[in-house]
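> I'd like to ask some things about the structure below.
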Amino acid sequence: MEKHAIIGERIQNVDSPDKATGRAVYGIDFRLPGMLHGKILRSPFAHARILRIDTSRAEKVRGVKAVITAEDTPKIKYGAQINDEYPLAVDKVRYEGDEIAAVAAVDEGAAQEAIEKIAVEYGQLPAVFTPREAMAPGAPAIHDAPHNIVTHIAFERGCVEEGFRKADVILEEVFQSSNVHQAYLEPHVCVAQADASGNITLWGSLQAPARNRETLARILKILQSKIRIVQTTVGGGFGGKATQLISLYPICVFLAIKAGQPVRILNTWEEEFTASRSRMPAEVRMKLGIKKDGTFAAKEIEILANCGAYAGTGPAVVGTTATRATSLYRFPHVKCKADLVYTNLTPIGSYRGYGNPQLHFALESMIDMASEAVGLDPLEVRLKNAIRKGDTSVHGFVMNSCRLRECIEEAAAKSRWKEKRGRRRKEGQGIGMASMIHVSGNRAVYPFFDGSTAYVRIHPHGGVDVVTGEAEIGQGSNTIFAQIAAEALGVPVKEVRVLPLDTDHSPFALGTFASRVTTLGGKAVLLAAEDAKQKLLSFAATKMEVPSESLETKEGRIRIKGSVDPGMEYQEVAKLASHASGGAPLLGVGAFSVPSSVVIPDASRYGNISMAYSFGVQVAEVQVDRKTGKVTILQFFSVHDSGTVINPMLGEGQVEGGVVQGIGYALMEEIVREAGKVLNGNFTDYRIPTIKDVPPIKTIFIEEPDPFGPFGAKGLGEITQVPTAPAVANAIYDAIGIRLKELPMTPERVFKALKGSPRTKIENRGGR
């Protein structure tokens with residue numbers, strides 16, 4: 001690998017000092033003079049017609065400045081992919097928590113009093129809470145979709161029947177994943193202001209401000225140029241604050257317009273669990289055929305997914321569930337049917353992994369089961385079938401870089417897999433493995449383009465600004481961008497600032513999702529820095545009377561290559577260049593679009609959707625208490641092929657955070673409902689892992705530079721959570737011989753399984 005001065009260094013997150021000292025301004029901290037407090041009235045019913053709304057008593061509450069219903073809005077439907085929802089309900093509500101009306105008042109007490117005085121007359125309708133209920137004949141229509149089906153997916157690659165005929169063993173099983181919340185520490189919050197000219201400014205804790213502005217313009221029925229979104233410091237997002245603009249934001253704007261004053265709305269935690277967009281639960285039926293030598297013969301899956309009351313990002317999420325994990329291995333024949341179904345529950349949305357963890361749980365569990373059925377070590381089966389560099393997967397994913405096999409081998413070596421597996425059942429201890437794949441950007445998400453733009457400015461004083469529309473949400477992208485720019489320019493990282501995201505000044509960008517920011521946003525920063533550097537060298541060449549090709553930037557100086565001459569300080573060159581051009585800074589522009597080999601998938605979901613794919617393997621060691629069913633994770637290994645790791649310290653932080661969330665998904669997290677009502681909508685009743693639940697986590701990077709990413713980098717943030725649940729499930733099986741197929745694998749479920757576990761359907765075809 002090429003040696004770099006700054007890339008690969010363990011540099012402190014540039015945002016850490018402000019966050020550690022309390023100077024960072026989160027959305028929850030932001031205030032404006034004269035700011036009002038907003039509250040939202042939510043439906044107490046899962047499905048009902050709105051017959052009448054009377055706001056007269058609320059309007060008379062002292063301190064109330066504005067009360068709005070759908071009648072105060074243009075009533076324009078919107079959505080992340082399907083336009084099926086209004087900011088405030090029109091005619092009927094579709095889940096318990098649906099937004100009906102809102103108020104703005106001088107303090108929270110007055111706002112709450114006003115909310116309680118809004119009178120709504122409802123006509124209750126039958127409600128359905130599971131996909132099967134919603135698809136049944138005679139089920140109530142939640143929208144106009146036939147059988148309440150939002151998205152139907154059906155495809156076949158190769159010939160599955162032929163593949164199964166060649167299999168020696170065929171297994172079939174059903175897996176169930178749960179609905180879990182992102183559990184970010186800062187709930188949704190925003191402040192909106194409208195001026196006399198109709199210009200709107202919104203400050204918010206958002207992951208995709210430019211795309212959020214597009215949506216807001218549609219809802220408000222105004223030009224995007226009239227809207228400015230300023231990103232505050234984000235207290236966690238994990239997909240929950242991404243491209244789906246929840247109703248809180250346009251409601252806040254409508255209140256600010258009507259009141260003529262700034263308005264702030266902050267979700268309570270109960271509202272977060274009731275009305276924010278959490279992970280899609282799915283039932284996966286999988287049929288897997290395997291040969292005696294461990295080669296996969298065919299795979300067939302059926303997915304039944306619960307969308308909740310509105311589509312949101314659900315169609316894209318279920319599309320990921322249907323396809324992504326299959327490209328881990330060399331499957332010759334695959335078939336898929338998937339249905340995403342409206343129900344009268346809280347709408348689902350994006351969460352780290354974007355539909356990928358659901359199918360990984362089923363697939364990576366089934367691989368262990370199939371391996372046992374043919375008498376092979378699942379390690380060897382994974383190695384035998386693993387996708388390789390140069391392959392094109394069954395779904396058309398092109399592997400320009402891939403070290404999956406090396407990750408499997410390294411995970412086995414570091415965890416001492418062969419020494420431990422299958423040997424400690426008497427002690428209730430086991431070890432389990434699961435592989436993973438994810439994208440570095442996704443061409444299928446935004447129909448117009450997939451890329452990024454950045455500006456790099458070198459000021460007369462020598463300081464460097466990076467301007468990008470990609471959103472820092474705590475993952476460390478500002479630090480990564482600073483490292484990329486500093487490396488390209490040959491200046492210290494301390495000389496580089498990444499400016500706050502403001503849609504009035506930042507270039508258009510898709511935002512933080514699909515593990516795209518380092519790969520695509522970082523590439524744009526690299527191109528912009530190289531453009532600025534070339535302009536700097538061209539001016540220096542004139543002063544030094546040498547060709548620009550003979551110059552280099554290093555340690556803050558511009559020198560002649562191979563010369564002992566100290567050259568010129570880059571600050572001096574920047575100042576002279578600025579003076580010579582009327583005071584203008586040197587401006588580099590980097591506009592990056594993905595290569596033409598990256599395409600929007602066809603109707604059957606076939607196509608190379610990303611310019612780079614990340615891989616990895618996780619191994620969990622567990623202790624299972626047979627008396628209580630409690631699972632304790634003893635240690636955890638996470639091995640990653642994410643290309644060049646620009647900052648290993650931040651990379652390790654991403655891995656550790658993802659693993660912890662994965663442990664929650666595997667063992668404890670689940671939003672519990674009864675007839676559509678959330679029963680555990682707070683962090684007392686909704687349990688997430690604490691430090692006592694987190695084992696020692698060993699992170700290992702297998703670095704192979706990708707040909708397209710900046711300095712060879714690929715995505716890392718999302719993939720870290722993708723295989724955790726099946727690694728734990730496989731370890732539990734190794735410990736007690738019981739296969740858990742439903743998440744979370746709570747002590748109650750483990751204990752129940754110990755008392756009597758149903759057998760997997762296995763067809764042994766003998767010597768065929």
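> Give just the number: which of (1) small (Gly, Ala, Ser); (2) part of a helix (DSSP H, G or I); (3) without any contact (Cβ under 8 Å) to a residue 40 or more places away in the chain; (4) out of contact with any Pro (no Cβ under 8 Å at 6 or more places or on another chain) does Ser563 not satisfy?
Checking Ser563 against (1) small (Gly, Ala, Ser); (2) part of a helix (DSSP H, G or I); (3) without any contact (Cβ under 8 Å) to a residue 40 or more places away in the chain; (4) out of contact with any Pro (no Cβ under 8 Å at 6 or more places or on another chain), the one that fails is (2).
> Looking only at residues in region 556-568 that are exposed (fewer than 15 other Cβ atoms within 10 Å of the Cβ) and not aliphatic (A, V, I, L, M), which one is modelled with the highest pLDDT?
Out of the qualifying residues, it is Lys561.
> A follow-up question, please. Output the residues belonging to region 306-359 that are among the β-branched types (Val, Ile, Thr) and either in contact with a Cys (Cβ under 7 Å, 6 or more places away or on another chain) or part of a loop (DSSP other than H, G, I, E, B) (or both). Walk me through it before giving the result.
Step one: filter region 306-359 for residues among the β-branched types (Val, Ile, Thr), giving 313, 317-318, 320-321, 323, 326, 334, 341, 343, 346, 348.
Answer for region 306-359, where residues must be among the β-branched types (Val, Ile, Thr) and either in contact with a Cys (Cβ under 7 Å, 6 or more places away or on another chain) or part of a loop (DSSP other than H, G, I, E, B) (or both): Thr313, Val341, Thr343, Thr346, Ile348.
> Which number in (1) over 22 Å from the mean Cα position of the chain (by Cα); (2) part of a loop (DSSP other than H, G, I, E, B); (3) touching a residue at least 40 places away in the same chain (Cβ under 8 Å) marks the one condition that Ile688 misses?
Tallying (1) over 22 Å from the mean Cα position of the chain (by Cα); (2) part of a loop (DSSP other than H, G, I, E, B); (3) touching a residue at least 40 places away in the same chain (Cβ under 8 Å), Ile688 fails exactly one: (1).
> Within region 631-676, track down each residue that is farther than 22 Å from Gly712 by Cα, of a type in the set (Ser, Thr, Tyr) and touching a Phe, Trp or Tyr at 6+ places or on another chain (Cβ under 9 Å).
Listed by number, the list holds a single entry, Tyr665.
> Looking at region 295-304, is at least one residue outside the structural domain of Glu99 (by TED's automatic domain parsing), over 20 Å from Val445 (Cβ atoms), of a type in the set (Ser, Thr, Tyr) and touching a helix residue (DSSP H, G or I) at 6+ places or on another chain (Cβ under 9 Å)?
yes
> Does region 632-655 contain any residue that is hydrophobic (A, V, I, L, M, F, W, C), under 30 Å from Ala729 (Cβ atoms), modelled with pLDDT of 95 or more and more than 23 Å from the chain's Cα centre (by Cα)?
Here is the first cut: in region 632-655, the residues hydrophobic (A, V, I, L, M, F, W, C) are 633-634, 636-637, 639, 645-646, 649-650, 655.
From what's left, under 30 Å from Ala729 (Cβ atoms): 633-634, 636-637, 639, 645, 650, 655.
Adding the requirement that they be modelled with pLDDT of 95 or more leaves 633-634, 636-637, 639, 645, 650, 655.
Checking the rest, the ones that are also more than 23 Å from the chain's Cα centre (by Cα) come to 633-634.
The answer is yes, given that some residue of region 632-655 is hydrophobic (A, V, I, L, M, F, W, C), under 30 Å from Ala729 (Cβ atoms), modelled with pLDDT of 95 or more and more than 23 Å from the chain's Cα centre (by Cα).
> Which of the residues spanning region 579-638 are out of contact with any Ser or Thr (no Cβ under 7 Å at 6 or more places or on another chain), of a type in the set (Val, Ile, Thr) and not in a strand (DSSP E or B)?
Val594, Val599, Ile600, Ile609, Thr628
> Does Arg516 qualify as being surrounded by 16 or more Cβ atoms within 10 Å (Cβ to Cβ) and modelled with pLDDT of 95 or more?
Yes.
> Quick test for you: out of Thr720, Thr699, pick the one residue that is under 23 Å from the mean Cα position of the chain (by Cα), at pLDDT 95 or above and not in a strand (DSSP E or B).
Thr720
> Related question: Any chance you could count how many residues in region 379-393 are surrounded by fewer than 24 Cβ atoms within 10 Å (Cβ to Cβ) and assigned to a helix (DSSP H, G or I)?
Number satisfying all stated conditions: 6.
> Among all residue pairs at least 6 apart or on different chains, which show Cβ distances below 8 Å where the first residue, located in region 467-481, is closer than 18 Å to Phe592 by Cβ and the second is assigned to a loop (DSSP other than H, G, I, E, B) and among the hydroxyl-bearing types (Ser, Thr, Tyr)?
Val467/Ser506; Thr468/Ser506; Gly469/Thr503; Gly469/Ser506; Glu470/Thr512; Ala471/Thr512; Ser477/Thr512
> Working carefully through the options Gly432, Gly396, find the one that is in a loop (DSSP other than H, G, I, E, B) and not charged (D, E, K, R).
Gly396
> Could you go through region 485-496 and let me know if any residue there is in contact (Cβ under 8 Å) with a residue 40 or more places away in the chain, assigned to a loop (DSSP other than H, G, I, E, B) and surrounded by 24 or more Cβ atoms within 10 Å (Cβ to Cβ).
Yes, because at least one residue in region 485-496 is in contact (Cβ under 8 Å) with a residue 40 or more places away in the chain, assigned to a loop (DSSP other than H, G, I, E, B) and surrounded by 24 or more Cβ atoms within 10 Å (Cβ to Cβ).
> Given the criterion assigned by TED's automatic domain parsing to the domain that holds Asp72, hydrophobic (A, V, I, L, M, F, W, C) and within 18 Å of the chain's Cα centre (by Cα), identify the matching residue among Ile229, Ile246, Ile219.
Values: Ile229 fails: within 18 Å of the chain's Cα centre (by Cα); Ile219 fails: within 18 Å of the chain's Cα centre (by Cα).
Answer to the selection: Ile246.
> If you check every pair at least six apart or on different chains, which have Cβ atoms under 6 Å apart with a residue in region 195-211 that is touching a residue at least 40 places away in the same chain (Cβ under 8 Å) first and a residue that is of a type in the set (Phe, Trp, Tyr) second?
Trp203/Phe30; Ala210/Phe508
> Do you know which residues across region 407-443 are buried (at least 20 other Cβ atoms within 10 Å of the Cβ) and either assigned by TED's automatic domain parsing to the domain that holds Ala208 or over 22 Å from Lys698 (Cβ atoms) (or both)?
If the condition is that a residue be buried (at least 20 other Cβ atoms within 10 Å of the Cβ) and either assigned by TED's automatic domain parsing to the domain that holds Ala208 or over 22 Å from Lys698 (Cβ atoms) (or both), then Val439, Ser440, Gly441, Asn442, Arg443 are the ones that fit.
Each row is one residue, and each column tells you yes or no for (1) surrounded by 14 or more Cβ atoms within 10 Å (Cβ to Cβ); (2) small (Gly, Ala, Ser).
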position	(1), (2)
Lys575	yes, no
Ser578	yes, yes
Gly583	no, yes
Gly590	yes, yes
Asp602	no, no
Val624	yes, no
Gln635	yes, no
Asp641	yes, no
Val645	yes, no
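> Give Gly158, Gly198, Gly204, Gly163 a once-over and let me know the one that is touching a strand residue (DSSP E or B) at 6+ places or on another chain (Cβ under 9 Å) and farther than 24 Å from Glu364 by Cβ.
Every option except Gly204 fails the conditions.
> Oh, and also: For Ala48, indicate whether it is crowded, with 20+ Cβ neighbours inside 10 Å, within 30 Å of Thr130 (Cα to Cα) and not acidic (Asp, Glu). Don't jump to the end; show me each part of the working.
Numbers: crowded, with 20+ Cβ neighbours inside 10 Å: yes; within 30 Å of Thr130 (Cα to Cα): yes; not acidic (Asp, Glu): yes.
Yes; evaluated as a whole, the condition is true for this residue.
> Could I ask something else about it? Within region 528-542, does at least one residue satisfy the condition of being part of a loop (DSSP other than H, G, I, E, B) and without any contact (Cβ under 8 Å) to a residue 12 or more places away in the chain?
Checked against the condition, which is being part of a loop (DSSP other than H, G, I, E, B) and without any contact (Cβ under 8 Å) to a residue 12 or more places away in the chain, region 528-542 yields no hits at all.
The values are calculated or read from the model by the stated rules, or taken from the named source; none is laboratory data. Only a predicted model underlies this, so the values are computations on that prediction, with no experimental measurement involved. No Cβ is skipped: glycine too gets one built from the backbone with ideal geometry, and neighbour counts run over all protein chains shown.
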